[in-house]
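The values are calculated or read from the model by the stated rules, or taken from the named source; none is laboratory data. Only a predicted model underlies this, so the values are computations on that prediction, with no experimental measurement involved. With ideal geometry, Cβ positions are generated from the backbone for all residues, glycine too; neighbour counts draw on all protein chains shown.
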Amino acid sequence: MSALQELYTAVLEGNANSAKTVTQQLLDAGTDPQELLNKAMIPAMDEVGRRFETNEYFVPELLISARAMKGALELVKPLLVAGGMQPVARVAIGTVKGDLHDIGKNLVAAMLEGGGFEVVDLGVDVSPEKFIEAVKAKNASVVALSALLTTTMPAMGTVIKALEEAGVRKQVKVIIGGAPITRQYAEQIGADGYSDNANGAVAIARTLAVTDKN
Ligand code: B12
């Protein structure tokens, strides 16, 4: 089994120790961190989701796979984050109210930092008020919303409405993402941008931040 396959299996089976060990070995051998993410870690979480859907996995398995994924991600994260640049813009990111999924959000946050953004991570289950506070007090010019549940998707629209009501909608760009989100949904709720992956999140945030400055 190749080391990437080993990492895939470790995340899929929720073997946190092995996930960390193999990740470290791959990084020490000079493997591109993006390759670890795209060829092993993310596909493993997709397979975890598929197994959950078909009742082969249940919540405990989701949790132990998520723990293995997070442990490996901690080792990869510093390599995604380049230091010493002038920040492109400040982004307030969070998983919307009612939603506790944070692996994708953490990945997007790390990639944004790596892309030169200053990131204010508000965590999970974030209320609209907290996003507004971050825009006002921290002067964030991009708000990034993550949702993984179809039941929490509407909370994204609620945040956008709350930003309007607080009189700060025009001073920020709102980008959204998460497994159930589509471009069409982003348009429907009046978001400024959407991406289905962390690299795309950086690209779209950059385009919007630059457009904003012109
Ligand atoms: C791990 C996991 C959990 C873990 C989360 C641990 C954690 N700390 O995050 C735990 C066990 C807690 C969990 C709980 C639940 N889960 Co869950 N979970 C998952 C699982 C398997 C993987 C999610 C993940 O981490 N993917 C990997 C990351 C890297 O991908 P991602 O999050 O999609 O992020 C990428 C993109 O979407 C995008 N992105 C993400 N955010 C953003 C933001 C912006 C701005 C942009 C631009 C892009 C972007 O970029 C990311 C990187 O590429 C998914 C299945 C799946 N395939 O999505 C189910 C899944 C999301 N869960 C599901 C369910 C049902 C639940 C529970 C309701 C189960 C239960 N009965 O209790 C609870 C709900 C808890 C809550 N209130 O939130 C369902 C949702 C179904 C639906 N239609 O809504 C899914 C789809 C499983 C399934 N196939 O049925 N879950």
message: Within the range 190-205, take every residue that is free of Cβ contacts under 8 Å to residues at least 40 places away in the same chain and assigned to a helix (DSSP H, G or I) and give me the one that is farthest from SER141 (Cα to Cα).
response: GLY200
task: Just need a number here: residues in the range 121-154 that are farther than 10 Å from ALA92 by Cβ, in contact with a helix residue (DSSP H, G or I) (Cβ under 8 Å, 6 or more places away or on another chain) and either assigned to a loop (DSSP other than H, G, I, E, B) or of a type in the set (A, V, I, L, M, F, W, C) (or both).
output: 4
query: Which one of the conditions (1) near the ligand (Cβ under 9 Å from one of its atoms); (2) surrounded by fewer than 14 Cβ atoms within 10 Å (Cβ to Cβ); (3) assigned to a helix (DSSP H, G or I) does LEU100 fail to meet, given that it meets all the rest?
result: (3)
message: Can you pull out every residue in the range 150-197 that is among the acidic types (Asp, Glu) and either closer than 20 Å to VAL108 by Cα or at pLDDT below 95 (or both)?
response: ASP192, ASP196
query: Does the range 16-23 contain at least one residue that is at pLDDT 90 or above, closer than 21 Å to ASN199 by Cα and more than 8 Å from the ligand (Cβ to nearest atom)?
result: yes
- prompt: Would you call TYR57 of a type in the set (Phe, Trp, Tyr), closer than 28 Å to LEU149 by Cα, part of a helix (DSSP H, G or I) and not assigned by TED's automatic domain parsing to the domain that holds GLY114?
  reply: no
field: Identity of the residue in the range 31-56, more than 16 Å from the chain's Cα centre (by Cα) and within 8 Å of the ligand (Cβ to nearest atom), that ends up surrounded by the fewest Cβ atoms within 10 Å (Cβ to Cβ)
entry: GLU53
field: Unmet criterion (only one of (1) among the small types (Gly, Ala, Ser); (2) on the phi > 0 side of the Ramachandran plot; (3) at pLDDT 90 or above) for ALA140
entry: (2)
- prompt: Any idea which of VAL174, VAL159 is in the same structural domain as GLY98 (by TED's automatic domain parsing), surrounded by 15 or more Cβ atoms within 10 Å (Cβ to Cβ) and touching a residue at least 40 places away in the same chain (Cβ under 8 Å)?
  reply: VAL159
field: Filtered residues of the range 111-127 (kept if within 10 Å of the ligand (Cβ to nearest atom) and crowded, with 22+ Cβ neighbours inside 10 Å)
entry: MET111, LEU112
- prompt: Given the structure, is ALA186 assigned to a helix (DSSP H, G or I) and within 29 Å of ILE42 (Cβ to Cβ)?
  reply: yes
task: Answer yes if at least one residue in the range 162-182 is in contact with a strand residue (DSSP E or B) (Cβ under 6 Å, 6 or more places away or on another chain), part of a helix (DSSP H, G or I) and within 12 Å of the ligand (Cβ to nearest atom), and no otherwise.
output: no
task: For the range 4-16, enumerate the residues that are part of a helix (DSSP H, G or I) and either in contact (Cβ under 8 Å) with a residue 24 or more places away in the chain or surrounded by 23 or more Cβ atoms within 10 Å (Cβ to Cβ) (or both).
output: LEU4, GLN5, LEU7, TYR8, THR9, ALA10, VAL11, LEU12, ALA16
task: Check whether at least one residue in the range 128-136 is farther than 27 Å from MET41 by Cα, within 13 Å of the ligand (Cβ to nearest atom) and at pLDDT 95 or above, and report yes or no.
output: yes
